[in-house]
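Okay, structure first, notes after.
Values in this text are rule-based calculations from the coordinates and carry no lab data. None of these values were measured; they are calculated from a predicted model. Every residue, glycine among them, receives a Cβ derived from its backbone with ideal geometry; neighbour counts consider all protein chains shown.
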Amino acid sequence: MKSRSSPWPTVSRVLAAVVGGYGFTYAFTAALARMLPLNKADAMVSATLLSFAVYTLVMLWVFTCHNHWRAWAGLATAVPLAGIGFWPQLLERLA
């Protein structure tokens with residue numbers, strides 16, 4: 001008789017790849033657009049073009065991790081990137 005394993009690690013990886021990968025790429029693109037030494041329009045276009053490759057690499061990386069928890073922990077690095085990318089906008093809203 002075959003033993004049935006839980007489908008939740010696979011579902012977790014798919015969610016990490018799609019949802020977490022999107023969040024990571026969004027934060028990465030915002031941070032990169034802020035840090036590039038170009039004018040705003042050129043920095044945004046350059047960061048956006050790179051984001052397609054970043055999203056693909058993040059999705060591949062999530063499925064190569066040994067553990068689905070490690071994939072989620074790696075995607076948590078989007079939080080500091082989001083802080084870098086969106087901090088000036090947050091300060092404008094609060095002021």
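Can you pull out the residues in the range 1-25 that are under 15 Å from the mean Cα position of the chain (by Cα) and touching a residue at least 40 places away in the same chain (Cβ under 8 Å)?
Keep residues of the range 1-25 that are under 15 Å from the mean Cα position of the chain (by Cα), which gives 13-25.
Scanning the range 1-25 gives Arg13, Ala16, Ala17, Val18, Gly20, Gly21, Gly23, Phe24.
Residue count for the range 34-78 under the criterion of being closer than 18 Å to Gly21 by Cα and in a helix (DSSP H, G or I): the result is 27. Does Gly83 fit the bill of being within 23 Å of Val14 (Cα to Cα) and either part of a helix (DSSP H, G or I) or more than 16 Å from the chain's Cα centre (by Cα) (or both)? Answer is no for this residue.
Every condition in (1) under 18 Å from Gly83 (Cα atoms); (2) aliphatic (A, V, I, L, M); (3) within 11 Å of the chain's Cα centre (by Cα) holds for Ala33 except the one numbered (3). Scanning the range 86-95 for residues that are assigned to a helix (DSSP H, G or I), over 15 Å from the mean Cα position of the chain (by Cα) and not basic (Lys, Arg) yields Trp87, Pro88, Gln89, Leu90, Leu91, Glu92, Leu94.
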